[in-house]
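Trainee: Structure in structure tokens, see below.
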Amino acid sequence: MSQELSYQRHSSLEADQANASRMPACFTAPDTVDAWRHRRMHEMLLPLIEADPQAMWMTVGDGSFGSDAYFLQQQGADVLATSLTDASLRIAHEKGFLNKFAAVNAEEIPFADDSFDYVLCKEAYHHFPRPAIAFYEMLRVAKEAVVLIEPYDGPKRLMELVKEPMKKLLWGKTQTIHFEPSGNYIYRVNPKEMGKKLAALGYAAVAYKTFNDIYLPQFGKSKSGGTAGHLMTRLAIFLQDILCAFRLLNPGLVTLVCFKHMPSEPLLREMKQSGFSVEKLPENPYK
């Protein structure tokens, strides 16, 4: 499928979402299970935010009303929210949730090199028609690091054989686990392979943390805390964690931090304490 058709379809999806004004739970119902799920992912950014509170951020593919940028703003960060269109971002800005926004194609980012300290792309990279081009563009405009929170690509496990039938059973999905309705291939992130891309460019290190998540529609609007809906969601995540521990299943997601320069020792220590694995990349002796 051509990238032009992919852009058209995603632009239409963002326009439909904006017209329906279906704002994410972080804005409308922050005490729900759905909001808790995304906050749990966003909080993996805290070591970076706390280590450099003056840093400038850009979010990419933040078409769900800029919810990623909204979290960063709540932590005091200076952030520009971007997506392929500004349809939903403009609404969030008008409602006072976003300070800055722009329509940006991730494959052609209209900013100079090193314009931002950090670039965040959460659950959007796997939707891009040409993700490698977008990755290099994000690296170009990032001074310190690019952060991806995306589906994880790992070795085949036994339970992977039943993953697609289980998804169809739970949600009635007709598409495969390889392609999405827009027509794009679902590109999962492999930390080792991404590390090779960084090493080839002479960059410093990669940090990653795998984890599981699950969306159970019947419990998404339940209150977080000690409610049955929250407990069932946590139980489903825990069961996935057990299967992963026995190497029967791969983790569903990974937070990957691609460092262009070696981070400070305090930041590395904090990331390791937060559950990240950190790998220093080999230096090119011929550079």
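The values are calculated or read from the model by the stated rules, or taken from the named source; none is laboratory data. Because the structure is predicted, anything quoted here is derived from the model rather than measured. So basically every Cβ, Gly included, is an ideal-geometry build from the backbone, and we count neighbours across all protein chains shown.
Trainee: If I filter the stretch 246-259 for residues that are surrounded by fewer than 20 Cβ atoms within 10 Å (Cβ to Cβ), farther than 24 Å from residue 46 by Cα and not aromatic (Phe, Trp, Tyr), do I get at least one hit?
Mentor: Scanning the stretch 246-259, I find at least one residue that is surrounded by fewer than 20 Cβ atoms within 10 Å (Cβ to Cβ), farther than 24 Å from residue 46 by Cα and not aromatic (Phe, Trp, Tyr), so the answer is yes.
Trainee: Hey, another quick one. For the stretch 217-274: of the residues being of a type in the set (D, E, K, R) and assigned to a loop (DSSP other than H, G, I, E, B), which is farthest from residue 192 (Cα to Cα)? Don't jump to the end; show me each part of the working.
Mentor: As a first pass, look at the stretch 217-274 and keep what is of a type in the set (D, E, K, R): 221, 223, 234, 241, 247, 260, 265, 269-270, 272.
Restricting the remaining residues to those that are assigned to a loop (DSSP other than H, G, I, E, B) gives 221, 247, 260.
On the way: 221: 37, 247: 18, 260: 16 Å.
The extreme case among them is 221.
Trainee: Taking the criterion of being over 17 Å from the mean Cα position of the chain (by Cα), farther than 19 Å from residue 30 by Cβ and not in a strand (DSSP E or B), would at least one residue in the stretch 206-216 satisfy it?
Mentor: Checked the stretch 206-216: no residue is over 17 Å from the mean Cα position of the chain (by Cα), farther than 19 Å from residue 30 by Cβ and not in a strand (DSSP E or B).
Trainee: From the set of residues in the stretch 178-204 that are touching a Lys or Arg at 6+ places or on another chain (Cβ under 6 Å) and surrounded by fewer than 18 Cβ atoms within 10 Å (Cβ to Cβ), which is modelled with the lowest pLDDT?
Mentor: Only one residue fits best here, namely 182.
Trainee: Related question: Going by the structure shown, is residue 118 outside any strand (DSSP E or B), in contact with a helix residue (DSSP H, G or I) (Cβ under 7 Å, 6 or more places away or on another chain) and among the hydroxyl-bearing types (Ser, Thr, Tyr)?
Mentor: In short, no.
Trainee: Further question: Give the residues of the stretch 1-56 that are more than 19 Å from the chain's Cα centre (by Cα), among the basic types (Lys, Arg) and surrounded by 13 or more Cβ atoms within 10 Å (Cβ to Cβ), sorted by residue number.
Mentor: 9, the sole residue that qualifies.
Trainee: Applying the selection to the stretch 209-222, what residues are surrounded by fewer than 16 Cβ atoms within 10 Å (Cβ to Cβ) and in contact with a strand residue (DSSP E or B) (Cβ under 6 Å, 6 or more places away or on another chain)?
Mentor: Within the stretch 209-222, the first condition is being surrounded by fewer than 16 Cβ atoms within 10 Å (Cβ to Cβ), and the residues that meet it are 215, 217-218, 221.
Result: 221, single match.
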